[in-house]
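Only the coordinates and a few stated rules stand behind these numbers; no lab work does. Note that this is a predicted model, so its numbers are computed, not measured. Every residue, glycine as well, gets a Cβ built from its backbone with ideal geometry; the counts of neighbours run over all protein chains shown.
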């Protein structure tokens with residue numbers, strides 16, 4: 001009987017990266033001035049989100065619909081491809097070292113992110129790591145700005161992990177996260193790492 005491998009689950013934004021990639025993508029897409037102008041317009045929504053009146057997924061949809069809703073899906077994906085080439089500049093050295101370590105001992109590594117898979121998956125492919133992330137709705141060849149299914153955040157992360165991975169195939173689970181959105185994923189693991197890699 002083959003020896004079971006370990007499973008290593010990494011949150012992306014804030015855990016692996018120094019900055020939120022959705023914010024950085026919006027700056028890339030609209031320019032810094034366009035981004036900050038948009039954030040001023042969206043400030044009432046942001047205030048309500050900070051107060052806990054608007055949920056995380058809803059605030060994200062409002063922001064995405066404002067900045068790129070109704071965009072051509074093909075041109076949007078082209079932008080994601082160009083943006084993904086810059087992501088390596090946002091990656092923490094210690095995060096990449098930890099991923100390299102897990103891969104070197106034969107563990108299966110997944111990035112599990114609330115950010116859209118459109119660019120997270122491209123980065124994951126560049127380092128040969130599988131990705132579970134939020135999916136965006138496409139209608140009539142256009143990005144609507146809405147989430148397809150549910151935001152891959154909190155309890156939804158664990159649901160998506162269980163739907164994508166047979167956990168019985170692994171001897172132990174490691175999880176790395178940095179925020180409230182990673183709480184349930186960290187609780188799933190025998191070896192949870194909150195805001196640390198060692």
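Taking the criterion of being surrounded by 20 or more Cβ atoms within 10 Å (Cβ to Cβ), under 15 Å from residue 111 (Cβ atoms) and in contact with a strand residue (DSSP E or B) (Cβ under 7 Å, 6 or more places away or on another chain), would at least one residue in the range 133-149 satisfy it?
Yes.
Select from the range 47-65 the residues that are assigned to a helix (DSSP H, G or I) and crowded, with 16+ Cβ neighbours inside 10 Å and list them in ascending order.
Within the range 47-65, the first condition is being assigned to a helix (DSSP H, G or I), and the residues that meet it are 47-50, 56-65.
Result: 49, 57, 59, 60, 61, 62, 63, 64.
Determine whether residue 83 is surrounded by 17 or more Cβ atoms within 10 Å (Cβ to Cβ), out of contact with any strand residue (DSSP E or B) (no Cβ under 7 Å at 6 or more places or on another chain) and in a helix (DSSP H, G or I).
On the way: surrounded by 17 or more Cβ atoms within 10 Å (Cβ to Cβ): yes; out of contact with any strand residue (DSSP E or B) (no Cβ under 7 Å at 6 or more places or on another chain): yes; in a helix (DSSP H, G or I): yes.
Yes.
When residue 196 is evaluated against the numbered criteria (1) in contact (Cβ under 8 Å) with a residue 60 or more places away in the chain; (2) part of a loop (DSSP other than H, G, I, E, B), which criterion, by number, is the only one it fails?
Unmet for residue 196, out of (1) in contact (Cβ under 8 Å) with a residue 60 or more places away in the chain; (2) part of a loop (DSSP other than H, G, I, E, B): (1).
What's the number of the only condition in (1) closer than 21 Å to residue 133 by Cα; (2) surrounded by 12 or more Cβ atoms within 10 Å (Cβ to Cβ); (3) out of contact with any helix residue (DSSP H, G or I) (no Cβ under 7 Å at 6 or more places or on another chain) that residue 114 fails to meet?
(3)
Go through the range 13-33 and give me each residue that's farther than 22 Å from residue 65 by Cα and either out of contact with any helix residue (DSSP H, G or I) (no Cβ under 6 Å at 6 or more places or on another chain) or buried (at least 17 other Cβ atoms within 10 Å of the Cβ) (or both).
Of everything in the range 13-33, those that are farther than 22 Å from residue 65 by Cα and either out of contact with any helix residue (DSSP H, G or I) (no Cβ under 6 Å at 6 or more places or on another chain) or buried (at least 17 other Cβ atoms within 10 Å of the Cβ) (or both) turn out to be 14, 15, 16, 17.
Which number in (1) in a helix (DSSP H, G or I); (2) touching a strand residue (DSSP E or B) at 6+ places or on another chain (Cβ under 9 Å) marks the one condition that residue 28 misses?
Every condition holds for residue 28 apart from (2).
Within the range 91-110, how many residues are touching a strand residue (DSSP E or B) at 6+ places or on another chain (Cβ under 9 Å) and touching a residue at least 40 places away in the same chain (Cβ under 8 Å)?
Qualifying residue count for the region: 12.
Every residue, every condition in (1) over 28 Å from residue 195 (Cα atoms); (2) touching a residue at least 40 places away in the same chain (Cβ under 8 Å); (3) in contact with a helix residue (DSSP H, G or I) (Cβ under 9 Å, 6 or more places away or on another chain), yes or no:
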| residue | (1), (2), (3) |
| --- | --- |
| 56 | no, yes, yes |
| 67 | yes, yes, yes |
| 79 | yes, yes, yes |
| 89 | no, no, no |
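Which condition breaks for residue 121 when tested against (1) out of contact with any helix residue (DSSP H, G or I) (no Cβ under 8 Å at 6 or more places or on another chain); (2) in a helix (DSSP H, G or I); (3) farther than 19 Å from residue 7 by Cβ?
All conditions pass for residue 121, except number (3).
For the range 95-114, enumerate the residues that are more than 22 Å from residue 180 (Cβ to Cβ) and in a helix (DSSP H, G or I).
96, 97, 99, 100, 101, 102, 103, 104
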